[in-house]
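For reference, the structure discussed in these notes is given below.
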Amino acid sequence: MAPLPNAELVQNSLQLYRYLLRCCKQLPEENIRQHYRHAVRQSFKVHADEDSPERIQQIIKRAIEDADWVMNK
């Protein structure tokens with residue numbers, strides 16, 4: 001399963017959140033979709049107070065890499 005196009009356009013946390021939820025919609029089974037949607041929401045709650053632009057970019061890059069891995073699994 002290919003990752004969604006335009007991952008390189010993700011620049012901020014809201015765009016990342018939307019991108020990851022769209023990726024979840026492509027997963028084959030409902031219980032898997034629910035699991036990853038929950039994980040995405042929890043991760044955003046954990047990192048909500050992040051204010052370092054460098055750290056935010058690291059998180060975005062890692063989240064997209066992880067999403068690509070999950071989609072190709």
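The values are calculated or read from the model by the stated rules, or taken from the named source; none is laboratory data. These figures come from a predicted structure and were not determined experimentally. Please note: Cβ atoms are built from the backbone with ideal geometry, for glycine as well, and neighbour counts cover all protein chains shown. Accessible surface areas use protein heavy atoms only, side chains included; no ligands, DNA or RNA. Shrake-Rupley method; radii C 1.70, N 1.55, O 1.52, S 1.80 Å.
So the values come out like this:
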{"quantity": "The chain, Cα convex hull volume normalised per residue, Å³", "calculated": "73"}
{"quantity": "With every protein chain in place, the range 9-72: carbon and sulfur % of accessible area (1.4 Å)", "calculated": "52"}
{"quantity": "Rounded accessible area per residue of the chain, 1.4 Å, Å²", "calculated": "73"}
{"quantity": "Cα-based helix-to-principal-axis angle, 53-72 vs the chain, degrees rounded to 10", "calculated": "10"}
{"quantity": "Segment residue 21-residue 33, extension gain: residue separation times 0.36 nm, minus the distance between their alpha carbons", "calculated": "3.4 nm"}
{"quantity": "Computed lengthening from residue 9 to residue 62, 0.36 nm per intervening residue step minus Cα-Cα distance", "calculated": "17.6 nm"}
{"quantity": "Sites residue 48 and residue 71, calculated FRET efficiency, Cβ-Cβ separation with R0 30 Å, nearest 0.05", "calculated": "0.75"}
